[in-house]
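These notes are about the structure you will find just below.
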Amino acid sequence: MTVKIILFLLLIICSITDIKYGYVDIRIVLTGLILSLVCNIREGGPPDKALFIRELMKGSLPGIFMFVSGFISEGAIGEGDSFLVLAAGMMTGFTNTLQFMCISWLFALVSGTILFILRKDLKGSFPFVPCMLAGYTVLFLNRELFCISLPDVCP
């Protein structure tokens with residue numbers, strides 16, 4: 001639960017900087033990632049170290065995919081966004097990251113469409129981190145509410 005809260009706070013901070021300044025500070029993301037790993041280890045850590053490392057590597061795949069996509073598209077996807085997805089994947093795992101990223105892309109599609117209709121000029125950039133925050137919030141709030149109402153089916 002601590003890691004979920006750390007990621008939530010990290011997404012809030014990065015959303016503010018993405019909207020206000022147009023970039024994601026990688027130092028903040030790295031601090032959040034290190035803090036979450038320390039909390040994970042402090043709370044008892046993983047029982048199997050090899051499995052933990054495999055899960056970290058598997059969780060980083062969506063972020064690596066975004067880095068490669070950003071490189072191929074000559075910077076259409078920001079490095080800060082990619083690094084944040086990489087950190088989120090290492091914090092929450094591969095499946096959770098894919099789920100909240102799909103929801104995030106839907107929020108980005110709706111936001112972009114609204115901005116296009118309103119004819120807002122984004123000067124070549126779009127703050128994606130607020131969409132990630134919305135996707136993460138929807139996924140984990142929905143999951144927590146589901147587990148409260150149906151505790152027998154939740155781990």
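None of the figures in this text is laboratory data; all of them are computed from the coordinates on show. All values derive from a computational prediction rather than experimental measurement.
Results, tabulated for the structure shown:
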{"read-out": "Listed residues 86, 11, 35, most fluctuating in the chain (Gaussian network, C-alpha, under 10 Å)", "value": "35"}
{"read-out": "Most mobile of 91, 66, 132 in a GNM of the chain (Cα contacts under 10 Å)", "value": "66"}
{"read-out": "Two-decimal ratio, the chain, of alpha-carbon radius of gyration to 2.2 N^0.38 Å", "value": "1.08"}
{"read-out": "Highest-MSF residue in the chain out of 129, 24, 68 [GNM, Cα springs under 10 Å]", "value": "68"}
